[in-house]
Amino acid sequence: MEAMQLLAAVLAVLALFLAAYWRPRSRHAHTTRPVPVIIEVGDPDVARALMFDHADFFSNHPDAVLGIDFDAGQPKTESITSAHYGTLWSALRRNLTVNILHPSRLGHHVEPIQRDAAEALVADLSTRVAGAGEEVAIRERVYAAVFATMARLCFGDGVGERDVAVMRRTLHDFFHSNVDIKLLARSRLARLVRWRQWRYIIGMRRRLDEVFGPVVEARRRQSRRSDGGGGSFSSYLDSLIDLRVPSDSDDSETGGGLGLGARRALRDDEVVRLVWEFLGSSTQAVVSCVEWTLARLVTEPEVQKKLYHELIAASDHRKGQVSDERLQELPYLRAVILESLRLHPPLPTILREVGPEGAAAAGAPPPPPDGTPVRFLFNAGQIGRDRKTWTEDPDEFRPERFLAGGEGEDVSPLPGPKKIKMMPFGAGRRHCPGAGLSMIHVGCFVAALVREFEWAPPADGGGGVDLTGTNTLFVRMMAPPLKARITPRTSR
Ligand code: HEM
């Protein structure tokens with residue numbers, strides 16, 4: 001009898017496993033592809049040649065950006081990141097860069113929003129530090145401040161604080177979910193063994209639709225306000241609703257062509273995807289960069305002092321604002337951010353998927369003829385520390401290298417076609433369109449935090465900070481989040 005019960009229990013467990021396995025498998029059968037061949041590139045000269053000289057082949061991210069088909073069983077949606085180089089990608093990217101990220105728009109609209117967020121962050125920290133040397137964890141607070149800024153750009157004033165908080169938490173849970181996505185992408189067996197993780201990640205698409213869908217629907221229904229909350233400011237969501245993209249988006253062969261054929265509006269599910277791509281890509285990496293930068297300032301008090309003096313000397317009636325032109329007037333702040341990005345690129349690996357022709361152009365052996373994808377993995381972390389390029393202690397945090405006369409004097413956040421010395425924002429046609437905004441964002445928050453507080457190592461860190469990193473879904477973060485002791489600066 002006991003044997004029968006045991007057998008029944010085993011069969012029940014097996015049935016549960018199979019149910020979990022077969023359901024996703026039948027909906028996602030098309031997700032199983034040959035395991036890609038990965039070719040790593042850590043040499044900046046090779047990276048330059050591939051990204052620029054062979055740009056026609058090196059212009060696509062992998063088909064499934066996460067390594068799995070996130071849309072499985074639902075209508076296919078593209079984001080800027082996932083779309084193939086072609087007319088749809090071009091229309092989506094142009095909309096973002098022209099309507100939201102163009103320097104003229106950033107100057108007028110983003111500065112006041114950023115200043116409000118930075119002031120709120122400083123006020124929040126000030127209320128928490130009663131005296132000198134209080135220990136604070138900074139990541140979540142910076143995340144809330146950056147998210148608030150990007151949510152305003154995304155929705156105008158049309159979404160309340162509570163909804164913004166739900167969006168922030170949902171995206172946070174997604175990006176920091178403890179899911180081994182690479183393992184799940186590898187095989188069905190992995191998805192069977194980790195079936196809970198698999199269901200979580202597939203369920204996430206539904207959750208994102210639930211959180212962002214109603215906002216998009218509501219805005220579509222609403223007769224759009226001409227004023228999104230800041231003069232002539234039009235939000236990213238408004239721009240997506242107005243956008244018309246090529247009807248036939250299967251245009252990967254036509255490169256960045258003109259796409260002069262029939263046009264259509266984006267569906268709601270497409271807008272939802274683009275909205276959460278915007279909020280995700282524009283916040284996680286910025287938070288990572290602010291945190292790494294502060295960590296380095298904690299461990300390098302001389303650098304912090306020098307930065308503080310530059311900020312104080314430049315303080316005037318615009319003291320809360322860091323614009324593009326202002327960053328040029330604050331060369332040390334710019335150098336500190338570049339040095340942080342060189343050593344700790346938030347996206348340390350950048351992928352390109354190429355066909356057999358691309359592999360041949362790169363001098364790689366031909367892939368097997370069964371459709372095995374070939375991926376080039378550009379190691380931005382290694383490129384930023386390349387010893388041929390960075391001859392002066394490449395592993396040391398030394399912002400001076402970016403000042404006049406230094407070996408990084410001519411380096412800008414985005415490399416041009418002649419030379420790559422670092423590529424924290426990628427390179428070539430798919431480089432990050434948010435590089436300019438990111439420099440301003442990081443500059444604004446770091447400047448406010450250093451101007452208002454002195455930063456010192458935590459009491460239990462033995463005078464140091466653990467600089468180990470860890471990979472989240474997309475971004476590399478400090479593994480133990482930064483904790484530091486802060487003291488309000490009273491001597492100004
Ligand atoms: C410190 C902050 C940031 C870092 C380090 C960063 C880094 C990157 C990198 C490495 C890529 C891939 C580039 C390539 O494949 O060559 C990328 C792509 C992208 N980033 Fe950023 N990013 C940051 C902030 C932002 C911001 C503020 C936005 C604003 C919306 C943004 C939007 C995007 C988009 C849409 C893409 C896809 C571009 C395409 O495929 O054409 N990022 N980013």
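The values are calculated or read from the model by the stated rules, or taken from the named source; none is laboratory data. Because the structure is a prediction, the values reported are computed rather than measured. Virtual Cβ from ideal backbone geometry, glycine too; neighbours counted across all protein chains shown.
Given the conditions (1) at pLDDT 80 or above; (2) part of a helix (DSSP H, G or I); (3) over 22 Å from the mean Cα position of the chain (by Cα), which single one is not true for A190?
It is condition (1) that A190 fails.
Being within 12 Å of T389 (Cβ to Cβ) and surrounded by fewer than 18 Cβ atoms within 10 Å (Cβ to Cβ) is the filter; apply it to region 408-420 and report the residue that is modelled with the highest pLDDT.
Taking region 408-420 and keeping what is within 12 Å of T389 (Cβ to Cβ), we get 408, 410-411, 415, 419-420.
Of the ones still in play, those that are also surrounded by fewer than 18 Cβ atoms within 10 Å (Cβ to Cβ) are 410, 419.
Numbers: D410: 94, K419: 97.
Per the criteria, the residue is K419.
What residue, among those in region 421-472 that are among the aromatic types (F, W, Y) and out of contact with any Lys or Arg (no Cβ under 7 Å at 6 or more places or on another chain), is farthest from the ligand (Cβ to nearest atom)?
From region 421-472, those among the aromatic types (F, W, Y) are 425, 445, 453, 455; that's our starting set.
Now drop any that are not out of contact with any Lys or Arg (no Cβ under 7 Å at 6 or more places or on another chain), which leaves 425, 445, 455.
Working: F425: 5, F445: 11, W455: 20 Å.
Out of the qualifying residues, it is W455.
List every residue pair whose Cβ atoms lie under 9 Å apart, where the two residues are 6 or more positions apart in sequence or sit on different chains, the first residue falls within region 266-284 and is in contact (Cβ under 8 Å) with a residue 60 or more places away in the chain and among the small types (G, A, S), and the second residue, located anywhere, is within 11 Å of the ligand (Cβ to nearest atom) and in a helix (DSSP H, G or I).
S282/V146; S282/T149; S282/M150; S282/L153; S282/C154; S282/L437; S282/S438; S282/H441
Looking for whichever is modelled with pLDDT under 90 and among the aliphatic types (A, V, I, L, M) here; the options are A314, A295. Which one fits? Spell out the reasoning first.
Details: A295 fails: modelled with pLDDT under 90.
Just a single option satisfies the conditions, and that option is A314.
Find the residue count for region 419-429, including only residues that are in contact with a helix residue (DSSP H, G or I) (Cβ under 6 Å, 6 or more places away or on another chain), under 28 Å from L279 (Cα atoms) and in a loop (DSSP other than H, G, I, E, B).
Residues of region 419-429 in contact with a helix residue (DSSP H, G or I) (Cβ under 6 Å, 6 or more places away or on another chain): 420, 422-425, 427-428.
Add one more test, that the residue is under 28 Å from L279 (Cα atoms), and what stays is 422-425, 427-428.
From the residues that got through so far, the ones that are in a loop (DSSP other than H, G, I, E, B) too are 422-425, 427.
The number of residues fulfilling the criteria is 5.
(1) under 25 Å from R430 (Cβ atoms); (2) surrounded by fewer than 21 Cβ atoms within 10 Å (Cβ to Cβ): which one isn't true of Y332, the others all being true?
The one condition Y332 does not meet is (1).
Residues that are more than 22 Å from the chain's Cα centre (by Cα), farther than 16 Å from L96 by Cα and modelled with pLDDT of 90 or more: does region 258-266 have at least one? If you could, list the steps in order and put the result at the bottom.
Residues of region 258-266 more than 22 Å from the chain's Cα centre (by Cα): 258-266.
Right, trim to farther than 16 Å from L96 by Cα and you get 258-264.
Checking the rest, the ones that are also modelled with pLDDT of 90 or more come to 263-264.
Among the residues of region 258-266, at least one is more than 22 Å from the chain's Cα centre (by Cα), farther than 16 Å from L96 by Cα and modelled with pLDDT of 90 or more, which makes the answer yes.
Would you please name the residue that is modelled with the lowest pLDDT, looking only at residues in region 245-257 that are farther than 16 Å from I80 by Cβ and in contact with a helix residue (DSSP H, G or I) (Cβ under 7 Å, 6 or more places away or on another chain)?
The residue in question is T254.
Mind checking which residues of region 343-361 are buried (at least 18 other Cβ atoms within 10 Å of the Cβ) and away from the ligand (no atom under 16 Å from the Cβ)?
Selection gives A359 alone.
Kindly indicate whether any position in region 326-334 is modelled with pLDDT of 95 or more, within 28 Å of the chain's Cα centre (by Cα) and within 15 Å of the ligand (Cβ to nearest atom).
yes
Looking at the structure I just gave you, is R273 surrounded by fewer than 18 Cβ atoms within 10 Å (Cβ to Cβ), at negative phi, assigned to a helix (DSSP H, G or I) and modelled with pLDDT under 95?
Values: surrounded by fewer than 18 Cβ atoms within 10 Å (Cβ to Cβ): no; at negative phi: yes; assigned to a helix (DSSP H, G or I): yes; modelled with pLDDT under 95: yes.
So R273 does not fit the description; no.
If the requirement is being modelled with pLDDT of 95 or more, of a type in the set (V, I, T), assigned to a helix (DSSP H, G or I) and surrounded by 24 or more Cβ atoms within 10 Å (Cβ to Cβ), which of these qualifies: V303, V287?
Numbers: V303 fails: surrounded by 24 or more Cβ atoms within 10 Å (Cβ to Cβ).
None of the other options fit; the residue is V287.
I need the full set of residues from region 381-424 which are of a type in the set (A, V, I, L, M, F, W, C), under 19 Å from V442 (Cα atoms) and touching a residue at least 40 places away in the same chain (Cβ under 8 Å), in order please. Break it down into steps so the answer makes sense when it comes.
Residues of region 381-424 that are of a type in the set (A, V, I, L, M, F, W, C), as a first pass: 383, 390, 397, 402-404, 411, 414, 420, 422-423.
Now drop any that are not under 19 Å from V442 (Cα atoms), which leaves 397, 402-403, 411, 414, 422-423.
Hits for region 381-424 are F397, F402, L403, V411, M422, M423.
Can you find a residue in region 386-407 that is crowded, with 21+ Cβ neighbours inside 10 Å, in a loop (DSSP other than H, G, I, E, B), within 14 Å of the ligand (Cβ to nearest atom) and among the aromatic types (F, W, Y)?
No, that holds for no residue.
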